[in-house]
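**Student:** Please read through the structure below; I'll follow up with questions.
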Amino acid sequence: MAIRLPRIISSKKVPKGYFAVYVGENQKRFVIPVSFLSQPLFQDLLGKSEEEFGYSHPTGGLTIPCDEDIFLDVTSR
């Protein structure tokens, strides 16, 4: 039996159990599972987001101030 890992999805609508984040200089949108919130590396990214933006995110989704490559590396672990 294979183990299914949560995946980053690209969608205009955010399904239940997921949330939108905007990453990188071009503010690329990713829809990721809420289970990422409990991951220590992802929590570090959230801390950086809070330091830079506080709780004001004009895009309507969470803005994470890091390169897309770093974000994809963190979310693939």
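**Student:** Please go through region 25-77 and pick out each residue that is β-branched (Val, Ile, Thr) and touching a helix residue (DSSP H, G or I) at 6+ places or on another chain (Cβ under 9 Å).
**Tutor:** Of everything in region 25-77, those that are β-branched (Val, Ile, Thr) and touching a helix residue (DSSP H, G or I) at 6+ places or on another chain (Cβ under 9 Å) turn out to be ILE32, THR63, ILE64, ILE70, VAL74, THR75.
Quick grid of which residues meet (1) open to solvent by less than 20 Å² (accessible area, probe 1.4 Å); (2) touching a residue at least 12 places away in the same chain (Cβ under 8 Å); (3) farther than 19 Å from CYS66 by Cα; (4) of a type in the set (S, T, N, Q):
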residue: PRO15; (1), (2), (3), (4): no, yes, yes, no
residue: GLY24; (1), (2), (3), (4): yes, yes, no, no
residue: LYS28; (1), (2), (3), (4): no, yes, no, no
residue: SER35; (1), (2), (3), (4): no, yes, yes, yes
residue: PHE42; (1), (2), (3), (4): yes, yes, no, no
residue: GLU50; (1), (2), (3), (4): no, no, no, no
residue: PHE53; (1), (2), (3), (4): no, yes, no, no
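**Student:** Here's another thing I want to ask about it. Consider ILE3 against the criteria (1) among the aliphatic types (A, V, I, L, M); (2) open to solvent by less than 90 Å² (accessible area, probe 1.4 Å); (3) at pLDDT below 90: it satisfies all of them except one. Which criterion is unmet?
**Tutor:** (2)
**Student:** Within region 6-57, take every residue that is acidic (Asp, Glu), over 14 Å from the mean Cα position of the chain (by Cα) and in a helix (DSSP H, G or I) and give me the one that is modelled with the highest pLDDT. Reasoning before the result, please.
**Tutor:** So in region 6-57, the residues acidic (Asp, Glu) come out as 25, 44, 50-52.
This time we only want the ones that are over 14 Å from the mean Cα position of the chain (by Cα), so: 25, 51-52.
Within this subset, residues satisfying the condition of being in a helix (DSSP H, G or I) are 51-52.
On the way: GLU51: 86, GLU52: 81.
That would be GLU51.
The values are calculated or read from the model by the stated rules, or taken from the named source; none is laboratory data. Keep in mind it's a predicted model, so treat the numbers as computed, not measured. Cβ sites come from the backbone with ideal geometry, for glycine too, and all protein chains shown count toward neighbours. Only protein heavy atoms, including side chains, enter the accessible area calculation; ligands, DNA and RNA are left aside. Shrake-Rupley method; radii C 1.70, N 1.55, O 1.52, S 1.80 Å.
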